[in-house]
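First the structure, in the form of structure tokens, and then the observations on it.
The values are calculated or read from the model by the stated rules, or taken from the named source; none is laboratory data. Here the structure is a predicted model, which is why all the values come from computation and not from measurement. Using ideal geometry, Cβ is built from the backbone for each residue, glycine included, and neighbour counts are taken over all protein chains shown.
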Amino acid sequence: MTHPISALTARIEAMTPLLRELAPEADRLARLPDAIVSELVALGAFRLWIPHSCGGLEASLPEALRVYEAAARADGSAGWAVMIGAGGGLFADCLDLDTAREIFAPAEALIAGSGAAAGSAEQVEGGYRVSGRWRYASGAHYATTFTANCVVTRDGRPLHGADGTVAIRAMAFTPAQVIIDECWDANGMRGTGSDDFEVRGALVPQRRSFTVPAESPREPGPLYRLPFGVLTELPVTAVAVGIARHALESFALLAARKPAAGTSSPLAGDPLLQARYAACHACLCRVREALHADASEAWQAAAAGRTCDPRLRARITSGCTSGVAELVVAVGDLAHLAGMTAIMRDGELARAWRDLQALAAHASVSQRQLAAAGQALIAGYSENV
């Protein structure tokens, strides 16, 4: 019997022609066309990290990364949409079981939202009165639930926790409580539909609010014991790897048929191009190997009931951040050798190149993360001296 995650990966790979055919339409719409969303929902692609208790696949970290990579290899926006949409399933562990099933059991269940505390949640009887505006909610147009962090207030004043920090709590909104602002107009990842959304005085019951990580974790599986940062950085990097694979494949096809300037010989015969392609391919292999090795180690630790030690977490952060940056440079080197083809809007190489640059702007792989990661790695080595 075929493993369900392997079957899902194969079916997503089989969607490649459709995803690439409709990519220009996704760019025009600035979100995925309905035909793609419907197919991904039917496949269960957004249920990867919904727990078994809510009818989800509860895939392991290594399994999920393979799915994200496969989707992104077909199309960057689709890969990002699957990764973000599936990631929302992690929040099921933060809610009581009845509420989690209400939100996540439907076959079309999908979360869009924001981690920024850009709203206020005034405590009222039975819940919160919430207002705010949040940016970059990928998948907003087909989400069944929106989640967003808020500063908790009482009588208009922010509350503070025992440690003195401002109290932050996430809210789960229904689509009817949300106003979408169609303002997503990026150069890359255009099909992700990462529009802003606003909430004006919505009443959110206490049971539809939560914290990340969960105040009282309910799900027993290892997936819900991994640090949230690990479950963000590795998936984003898996999407980058998939996009880079698409770029290399597109470049190889282009080089085989496009003549070098002033000649009738294909670009593929150019020694400089061959050398750059080999270097880019090697970079991709290194980043991909490190990605899956780190994911396997983190998963084994969680499955054994161990926490990810600070050095492993720092290694994941530095590996993901540096790996994405290296892929951007490597693919950029190839794009520069492709000539005008690399800047044509509807070209596959051009789209993959734009998507990779857009992904690299995400906070989870920001170069700003390297300082803290380096500090932890240095401390780990010095402790062993």
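Any chance segment 317-333 includes a residue that's buried (at least 22 other Cβ atoms within 10 Å of the Cβ), in a helix (DSSP H, G or I) and in contact with a Phe, Trp or Tyr (Cβ under 7 Å, 6 or more places away or on another chain)?
As a first pass, look at segment 317-333 and keep what is buried (at least 22 other Cβ atoms within 10 Å of the Cβ): 317, 320-321, 323-324, 327, 330-331.
Subsequent filtering for residues that are in a helix (DSSP H, G or I) retains 317, 320-321, 323-324, 327, 330-331.
Adding the requirement that they be in contact with a Phe, Trp or Tyr (Cβ under 7 Å, 6 or more places away or on another chain) leaves 331.
Within segment 317-333 (the criterion being buried (at least 22 other Cβ atoms within 10 Å of the Cβ), in a helix (DSSP H, G or I) and in contact with a Phe, Trp or Tyr (Cβ under 7 Å, 6 or more places away or on another chain)), the answer is yes, since at least one residue qualifies.
Tally up the residues in segment 165-179 that are without any contact (Cβ under 8 Å) to a residue 12 or more places away in the chain and more than 21 Å from Ala214 (Cα to Cα), please. Before the answer, list the steps.
To start, the set of residues in segment 165-179 that are without any contact (Cβ under 8 Å) to a residue 12 or more places away in the chain comprises 165, 176.
Those still in the list that are more than 21 Å from Ala214 (Cα to Cα) too: 176.
Here the count works out to 1.
If I go through segment 305-318 residue by residue, how many of them are over 13 Å from Tyr224 (Cα atoms) and either without any contact (Cβ under 8 Å) to a residue 24 or more places away in the chain or not β-branched (Val, Ile, Thr) (or both)?
Within segment 305-318, the first condition is being over 13 Å from Tyr224 (Cα atoms), and the residues that meet it are 309-318.
Still in the list and also either without any contact (Cβ under 8 Å) to a residue 24 or more places away in the chain or not β-branched (Val, Ile, Thr) (or both): 309-315, 318.
Number of matching residues: 8.
Name the residue, out of Ser131, Ser114, Ser60, Ser77, that is more than 23 Å from Ser364 (Cβ to Cβ) and small (Gly, Ala, Ser).
Details: Ser114 fails: more than 23 Å from Ser364 (Cβ to Cβ); Ser60 fails: more than 23 Å from Ser364 (Cβ to Cβ); Ser77 fails: more than 23 Å from Ser364 (Cβ to Cβ).
After applying the criteria, what remains is Ser131.
Taking the stated definitions as given, is Leu159 in the same structural domain as Ser366 (by TED's automatic domain parsing) and of a type outside the set (S, T, N, Q)?
Working: in the same structural domain as Ser366 (by TED's automatic domain parsing): no; of a type outside the set (S, T, N, Q): yes.
When the stated conditions are applied, Leu159 does not pass them.
Taking Ser250 as the residue in question, decide whether it is crowded, with 22+ Cβ neighbours inside 10 Å, polar (S, T, N, Q) and in a helix (DSSP H, G or I).
Working: crowded, with 22+ Cβ neighbours inside 10 Å: yes; polar (S, T, N, Q): yes; in a helix (DSSP H, G or I): yes.
Yes; evaluated as a whole, the condition is true for this residue.
Among the numbered criteria (1) over 24 Å from Pro310 (Cβ atoms); (2) touching a Ser or Thr at 6+ places or on another chain (Cβ under 9 Å); (3) in contact (Cβ under 8 Å) with a residue 60 or more places away in the chain, which one does Ile243 miss?
Only one criterion in (1) over 24 Å from Pro310 (Cβ atoms); (2) touching a Ser or Thr at 6+ places or on another chain (Cβ under 9 Å); (3) in contact (Cβ under 8 Å) with a residue 60 or more places away in the chain is unmet by Ile243, namely (2).
For segment 153-174, how many residues are within 14 Å of Ala202 (Cα to Cα) and buried (at least 18 other Cβ atoms within 10 Å of the Cβ)?
Going residue by residue through segment 153-174, those that are within 14 Å of Ala202 (Cα to Cα) are 170-174.
Okay, now just the ones that are also buried (at least 18 other Cβ atoms within 10 Å of the Cβ), so 170-173.
Number of matching residues: 4.
Given the options Ala330, Ala301, name the one that is in contact with a Cys (Cβ under 9 Å, 6 or more places away or on another chain), assigned by TED's automatic domain parsing to the domain that holds Leu234 and free of Cβ contacts under 8 Å to residues at least 12 places away in the same chain.
Numbers: Ala330 fails: free of Cβ contacts under 8 Å to residues at least 12 places away in the same chain.
Answer to the selection: Ala301.
Which of the numbered conditions does Glu58 fail, given that it passes all the others? Conditions: (1) surrounded by 24 or more Cβ atoms within 10 Å (Cβ to Cβ); (2) farther than 20 Å from Val236 by Cβ.
Going through (1) surrounded by 24 or more Cβ atoms within 10 Å (Cβ to Cβ); (2) farther than 20 Å from Val236 by Cβ one by one, Glu58 breaks only (1).
For segment 258-285, give me the residue count where each residue is farther than 28 Å from Arg190 by Cα, assigned to a helix (DSSP H, G or I) and without any contact (Cβ under 8 Å) to a residue 12 or more places away in the chain.
Of the residues in that region, 6 qualify.
Count, please, the residues in segment 286-306 that happen to be modelled with pLDDT under 95 and either in contact with a Leu (Cβ under 9 Å, 6 or more places away or on another chain) or in a helix (DSSP H, G or I) (or both). Write out each step before concluding.
We begin by selecting, within segment 286-306, every residue modelled with pLDDT under 95; these are 305-306.
Then drop every residue that is not either in contact with a Leu (Cβ under 9 Å, 6 or more places away or on another chain) or in a helix (DSSP H, G or I) (or both), which leaves none.
Of the residues in that region, 0 qualify.
Going by the conditions given, is Arg66 in contact (Cβ under 8 Å) with a residue 12 or more places away in the chain and in contact with a His (Cβ under 9 Å, 6 or more places away or on another chain)?
Numbers: in contact (Cβ under 8 Å) with a residue 12 or more places away in the chain: yes; in contact with a His (Cβ under 9 Å, 6 or more places away or on another chain): yes.
Answer is yes for this residue.
Checking the conditions here, which among Ala176, Ala202, Ala186, Ala162 is outside any strand (DSSP E or B) and more than 25 Å from Ala86 (Cβ to Cβ)?
Details: Ala176 fails: more than 25 Å from Ala86 (Cβ to Cβ); Ala202 fails: outside any strand (DSSP E or B); Ala186 fails: more than 25 Å from Ala86 (Cβ to Cβ).
Matching residue, one of Ala176, Ala202, Ala186, Ala162: Ala162.
Pick from Leu8, Leu32: which is within 28 Å of Trp184 (Cβ to Cβ), in contact (Cβ under 8 Å) with a residue 24 or more places away in the chain, not assigned by TED's automatic domain parsing to the domain that holds Asp294 and not in a helix (DSSP H, G or I)?
On the way: Leu8 fails: not in a helix (DSSP H, G or I).
Answer to the selection: Leu32.
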